[in-house]
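Everything on this sheet refers to the single structure shown next.
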Amino acid sequence: MLAGLLMITFHNIWSGGWIVILTVLGWAALIKGTLSLVLPDLYVLRMLSLAQKSNMTRVWGGFALVLGLIIGYFSFLA
């Protein structure tokens, strides 16, 4: 939740092309953190059920890797 709040506070930009990805990630982190504080039992049970499905873990891991590569490319090389 803290990471999302910091991203929104210092980088809440909704125009400018690819940079909007960081703003969306910040909002997603804030919403995820808030839900885990407000509804901890529901959140933990859902994450455990998703983690037991090995295919979903690989898909989300691949998504995170690709998104990290894209953000890294635009941050350092573009």
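Throughout, read-outs are computed from the coordinates displayed, never taken from laboratory work. As the structure is a computational prediction, the values presented were derived from the model and not from experiment. Please note: Cβ atoms are built from the backbone with ideal geometry, for glycine as well, and neighbour counts cover all protein chains shown.
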Given (1) 55; (2) 48; (3) 67 as possible values of percent of Cα pairs over 15 Å apart, the one from the coordinates is (3)
In whole Hz, the Karplus estimates of ³J(HN,Hα) for the range 5-13 (6.51, -1.76, 1.60; θ = phi - 60°; x where Gly or Pro) are 5, 5, 5, 5, 5, 9, 8, 9, 10
With label points set 7 Å from each Cα along the Cα-to-Cβ direction at LYS32 and ALA51, the distance between them in nm comes to 1.3
